[in-house]
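Worksheet: the structure to be examined is printed underneath.
The values are calculated or read from the model by the stated rules, or taken from the named source; none is laboratory data. Bear in mind the structure is a predicted one, so any value in this text is a computation, not a measurement. Because the Cβ atoms are built from the backbone with ideal geometry, glycine has one as well, and the counts that use them run over all protein chains shown. Accessible surface is based on the protein model in full, side chains and every heavy atom, while ligands, DNA and RNA are left aside. Shrake-Rupley method; radii C 1.70, N 1.55, O 1.52, S 1.80 Å.
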Amino acid sequence: MHHHAYLWTGPKARFDDEALRRPPHPDPPPAGSRPELVERYRQVAAEFRTSDLPPLETAYWLVKPRSLVRGTWDEAKEAAAWLGERLAEYAPRFAVEGDRDTARLARLVDAAAERLRSGADVSYGCYLERPSYLTLAVVTCSPNRAVPGLACPCA
């Protein structure tokens, strides 16, 4: 078992485009469906795997391009440390002052280490200034507990 890290920042409006953040349904719309529904399905089917947008289900980061992996670790403690470093890096830009509390951030890192040791994934999101959004995720791989059939992006 190992862990892959992912980071995304961008406009909140783009983050809110949930159709591009979920895998396409396995079946396309039936014949005779509205053209806009068919076009939206085609767009999602074409863009989900290649888009840098965070997936709604954390495990689906594993189907995204390998270039989006920000780090890989065998040890949960090292992956959680990466999360802590990123949280500290972005904390000055957090939109909500309470989110910057160092004790709170330390608790998040400790909780992440525990979850990762158990084989679970970790995903944190936070509003930044402007309105921008930050997501940090560490996904357990080989196998992923939530979706065991997903292949390792680095294999």
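Roll a 1.4 Å probe over the protein chains and send me the accessible area per residue for the stretch 61-155 in Å².
53 Å²
Which of Thr135, Thr72, Thr102 moves the most in a Gaussian network model of the chain with Cα springs under 10 Å?
Thr102
Which is farthest toward the positive dipole end of the chain among Val96, Ala76, Ala5, measuring Cα position about the Cα centre, with Cβ charges +1 (Lys, Arg) and -1 (Asp, Glu)?
Ala5
When the convex hull of the Cα atoms of the stretch 1-93 is projected onto a plane and the area is averaged over all directions, what value comes out in nm²?
7.4 nm²
If r is the Cβ-Cβ distance from Arg117 to Cys152 and R0 is 22 Å, what FRET efficiency results, to the nearest 0.05?
The formula returns an efficiency of 0.70 here.
Evaluate the charge dipole of the stretch 43-88 about its Cα centre and quote only its size in Debye, nearest 20, assuming +1 on the Cβ of each Lys and Arg and -1 on the Cβ of each Asp and Glu.
The calculated dipole for the stretch 43-88 is roughly 120 debye.
So, with +1 on the Cβ of K and R and -1 on the Cβ of D and E, and no other charges, what is the size of the charge dipole of the stretch 42-136 about its Cα centre, to the nearest 20 debye?
260 debye
Can you pull a Stokes-Einstein diffusion coefficient for the stretch 47-101 at 25 °C (0.890 mPa s), Rh from Kirkwood over Cα pairs, as a whole number of µm²/s?
Estimated diffusion coefficient is 185 µm²/s.
How much accessible area does Val96 have with a 1.4 Å probe, in Å² rounded to the nearest 10?
80 Å²
Report Rg (one decimal) and Dmax (nearest whole number) for the stretch 84-155, counting Cα atoms only, units Å.
Radius of gyration, then largest Cα-Cα span, for the stretch 84-155: 14.2, 41 Å.
Taking 0.36 nm per residue of separation and subtracting the Cα-Cα distance, what length does fully extending Arg104 through Gln43 add?
Computed gain between Arg104 and Gln43 is 18.0 nm.
What does the convex hull of the Cα atoms come to per residue for the chain, in Å³?
Spread over its residues, the Cα hull of the chain gives 109 Å³ apiece.
Counting only protein chains, not ligands or nucleic acids, how are Leu37, Leu108, Leu136 ordered by accessible area (probe 1.4 Å), most first?
In descending accessible area the options line up as Leu37, Leu108, Leu136.
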